[in-house]
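The values are calculated or read from the model by the stated rules, or taken from the named source; none is laboratory data. Remember, predicted model here, so these are calculated numbers, not experimental data. Every residue, glycine as well, gets a Cβ built from its backbone with ideal geometry; the counts of neighbours run over all protein chains shown. Remember, those area values only see protein heavy atoms, side chains included, never the ligands or the DNA or RNA. Shrake-Rupley method; radii C 1.70, N 1.55, O 1.52, S 1.80 Å.
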Amino acid sequence: QVQLVESGGGLVQAGGSLRLSCAASRLTLSTYYMGWFRQCPGKEREFVSAISWIGGSTFYTDSVKGRFTISRDNAKNMVYLQMNSLKPEDTAVYYCAAGPYGRNSRANTQYDTWGQGTQVTVSS
């Protein structure tokens with residue numbers, strides 16, 4: 001069964017950077033649209049970023065544009081989220097997700113496989 005494992009989360013001061021990694025197993029990564037979502041305590045899970053099957057198209061929620069960069073390395077079955085200029089409001093559990101379709105990459109219903117999440121905490 002397809003499995004996703006996130007890593008790279010941690011504690012960072014405002015203005016700092018982190019790179020999240022998502023390792024995928026038991027799938028051909030190039031056949032999956034990949035996305036990053038995040039969830040704060042008591043809040044709904046929200047879209048952060050997505051990347052098309054071989055990386056030709058990328059998408060970002062407005063609040064992270066210019067600060068976050070999504071990328072993928074299909075040969076290594078890896079997806080990354082480089083996060084720069086982090087803000088306290090970026091604090092959340094970040095989830096990697098995979099889905100076979102890309103008609104609406106911002107919708108969490110489009111993804112059928114999810115990782116367990118990695119905590120990102122940004123201090124003031």
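Atom-type composition of the exposed protein surface of the range 36-124 places 47 percent of the accessible area on carbon and sulfur (1.4 angstrom probe). Of the residues Leu86, Leu18, the one with the largest accessible area comes first in the ranking Leu18, Leu86, computed with a 1.4 Å probe on protein heavy atoms. For a 4.7 Å threshold on C-beta separation, the list of partnerless cysteines in the chain reads Cys40.
Cross-link reach is defined here as a Cα-Cα straight distance under 21 Å, omitting same-chain residues fewer than 8 places apart; for Lys87 the lysines meeting it are Lys43, Lys65.
Relative to the current alpha-carbon distance between Lys76 and Val5, full extension at 0.36 nm per residue lengthens the span by 24.2 nm.
Amide H contacts of Tyr33 (H built 1.01 Å from N, in plane; Pro and chain starts excluded): Gly99, Tyr101 sit under 5 Å, all sequence-distant by 5 or more or on other chains. Just checking the listed ones, Thr69, Thr58, Thr109: in the Gaussian network model of the chain with Cα springs under 10 Å, the one fluctuating most is Thr109.
Provide the net charge surrounding Thr109, with neighbours chosen by a C-beta distance below 12 Å and charges set as Lys +1, Arg +1, Asp -1, Glu -1.
+2
Would you mind classifying the range 1-52 by shape? Square roots of the alpha carbon gyration tensor eigenvalues, ordered a ≥ b ≥ c; an a/c under 1.5 is rounded, otherwise it is prolate if a/b is larger than b/c and oblate if not.
Cα axes put the range 1-52 in the prolate bin.
Listed values for the range 37-49 are Karplus-derived 3J(HN,Hα) couplings in whole Hz (6.51 cos²θ - 1.76 cosθ + 1.60, θ = phi - 60°), namely 10, 9, 9, 9, x, x, 10, 6, 5, 10, 5, 10, 7, and x replaces Gly and Pro. Rounded to the nearest 10 square angstrom, Asp73 shows an accessible area of 50 square angstrom against a 1.4 Å probe. Available extension along the chain between Ser17 and Ser52 is 10.2 nm, counting 0.36 nm per residue and deducting the alpha carbon span. Shown are Lys65, Lys76, whose ranking by accessible area with a 1.4 Å probe and every protein chain present, most to least, is Lys76, Lys65.
Close amide H pairs (under 5 Å, H built 1.01 Å from N) link Gln3 with Ser25, residues at least 5 positions away or on another chain. Given in Å, the Rg to one decimal and the Dmax to the nearest whole number for the Cα atoms of the chain are 13.3, 40. Extension gain, Thr109 to Thr121: 0.36 nm times the residue separation minus the Cα-Cα distance gives 1.7 nm.
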